[in-house]
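Below is one structure, written out as structure tokens, with a few remarks after it.
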Amino acid sequence: MGTDIGDLLQKRKIELSDLSNRVVAVDAFNTLHQFLSIIRQRDGSPLVNSRGKVTSHLSGLLYRTASLIEAGIKPVFIFDGKPPDLKSETLSRRKEVRETSREKWANAKAEGDLEAAYKYAQASSKVDHEIVEDSKYLLGIMGIPWIQAPCEGEAQAAHMVLKKDADYVASQDYDSFLFGAPKVVRNMAVTGKRKLPGKNVYVDVKLEVIDLEETLRALGVNRNQLIDIAICVGTDYNKGLEKVGPKTALKLIKKHGDIHAVLREKEVEIEGLDRIRELFIHPEVTDNYEIKWTKPDSEKLIKFLSEKNDFSAERVEKAAERLKAVSGARQKTLDQWF
DNA sequence: CACCAGTA
DNA sequence: TACTGGTGG
């Protein structure tokens with residue numbers, strides 16, 4: 001997903017508490033996708049309510065966001081709008097992967113191969129319309145602001161950090177750098193012990209931040225050149241060049257200056273190159289938004305999560321209390337929260 | 001993912 | 001108190 005330039009980036013490990021009082025623009029699609037893949041039973045089946053509807057994302061949003069809030073973080077979720085036309089190939093490829101994974105999941109389950117079943121179940125996760133709508137509603141009654149992006153959520157999030165309405169973009173993907181995000185925080189939804197795919201090994205996943213300026217300085221390139229590097233490797237809007245990974249792409253762009261020169265040298269073309277660059281440099285974003293944290297609505301939380309989605313009322317109340325404790329403390333400090 | 005009860 | 005393994009929905 002996104003672009004594979006992670007190896008080139010300078011990552012610094014941090015703790016949740018380091019983000020206290022910081023506004024974090026969370027890539028909602030990315031976060032929901034992670035919840036849907038991670039919050040599952042041993043055989044790979046997601047959490048569902050009594051009507052059979054998936055609720056893993058609701059569980060993740062409720063408990064994880066409560067932890068963020070408790071750590072003093074001010075999250076605002078950014079939802080994707082209409083994707084650019086150039087993304088359609090990527091989107092149909094993702095769909096294909098999901099569908100074949102769903103079949104393989106069923107087969108693995110039938111054969112009793114739990115390891116494989118889990119892996120394919122994860123890869124079959126889909127953030128559909130209903131999941132997005134449920135998530136927006138839940139965030140609303142939790143008192144967490146969310147914003148509808150006109151186009152790519154990561155572009156909107158990056159725009160908000162550039163405008164200083166937020167301090168960080170939170171996403172696992174690196175695309176927000178290409179949209180100019182000065183600071184990105186990764187692993188916000190997945191901290192703790194995680195199993196490495198395929199192996200029986202666990203790693204401790206820590207939050208990490210990446211600073212765009214620092215990275216560009218270390219690489220000795222500018223932002224436009226980083227975009228060109230990504231295009232060489234491949235982005236959501238284009239296939240990369242044959243046998244060119246991040247390291248080679250960096251070398252090529254530093255040697256030739258920009259991607260046009262690289263393509264001339266290699267005698268290849270990338271369809272729609274200028275449009276792809278433009279999507280990163282001048283993405284469609286909006287300034288029409290409001291970021292405001294409010295008190296959670298316990299009654300609606302119980303109604304929605306407990307009555308409609310079969311969550312334990314006790315647990316929902318506890319989470320609501322955690323959210324409320326912080327909004328109460330905020331009010332007292334006259335911090336400009338409301 | 002977080003929660004929770006059982007265990008050391 | 002810290003860790004683990006099962007469960008949540």
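The values are calculated or read from the model by the stated rules, or taken from the named source; none is laboratory data. These numbers come from a predicted model, not from an experiment. With ideal geometry, Cβ positions are generated from the backbone for all residues, glycine too; neighbour counts draw on all protein chains shown.
For (1) touching a residue at least 60 places away in the same chain (Cβ under 8 Å); (2) away from DNA strand B (no atom under 16 Å from the Cβ); (3) of a type outside the set (F, W, Y); (4) part of a helix (DSSP H, G or I), each residue gets a yes or a no:
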site: A:V285; (1), (2), (3), (4): yes, yes, yes, no
site: A:W293; (1), (2), (3), (4): yes, yes, no, no
site: A:K303; (1), (2), (3), (4): no, yes, yes, yes
site: A:S306; (1), (2), (3), (4): no, no, yes, yes
site: A:K318; (1), (2), (3), (4): no, no, yes, yes
site: A:E321; (1), (2), (3), (4): no, no, yes, yes
site: A:A325; (1), (2), (3), (4): yes, no, yes, yes
Selected residue (only one of A:S101, A:S59 is away from DNA strand B (no atom under 16 Å from the Cβ) and either surrounded by fewer than 17 Cβ atoms within 10 Å (Cβ to Cβ) or small (G, A, S) (or both)): A:S101
Flag for A:F35 being more than 16 Å from DNA strand C (Cβ to nearest atom) and not in a loop (DSSP other than H, G, I, E, B): no
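Conditions tested, residue by residue: (1) within 12 Å of DNA strand C (Cβ to nearest atom); (2) at pLDDT 95 or above; (3) buried (at least 20 other Cβ atoms within 10 Å of the Cβ); (4) closer than 17 Å to A:H129 by Cα.
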{"position": "A:S17", "(1), (2), (3), (4)": "no, no, no, no"}
{"position": "A:V23", "(1), (2), (3), (4)": "no, yes, no, no"}
{"position": "A:F29", "(1), (2), (3), (4)": "no, yes, yes, yes"}
{"position": "A:T55", "(1), (2), (3), (4)": "yes, yes, yes, yes"}
Positions within region A:258-314 being of a type in the set (A, V, I, L, M, F, W, C) and under 23 Å from A:I141 (Cβ atoms), in sequence order: A:I291, A:W293, A:L301, A:I302, A:F304, A:L305, A:F311, A:A313
Elements of type helices (runs of 4 or more DSSP H) in region A:94-173, at least 3 residues being within 18 Å of A:G60 (Cβ to Cβ) and more than 16 Å from the chain's Cα centre (by Cα): A:129-142
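Quick one: which residue in A:D18, A:D85, A:D113 is out of contact with any Pro (no Cβ under 8 Å at 6 or more places or on another chain), assigned by the TED database to the domain that holds A:M1 and closer than 18 Å to A:D175 by Cβ? Working first, answer last.
Working: A:D18 fails: closer than 18 Å to A:D175 by Cβ; A:D113 fails: closer than 18 Å to A:D175 by Cβ.
Being out of contact with any Pro (no Cβ under 8 Å at 6 or more places or on another chain), assigned by the TED database to the domain that holds A:M1 and closer than 18 Å to A:D175 by Cβ holds for just one of A:D18, A:D85, A:D113, which is A:D85.
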Count of region A:37-53 residues which are closer than 23 Å to A:K303 by Cβ and surrounded by 17 or more Cβ atoms within 10 Å (Cβ to Cβ): 3
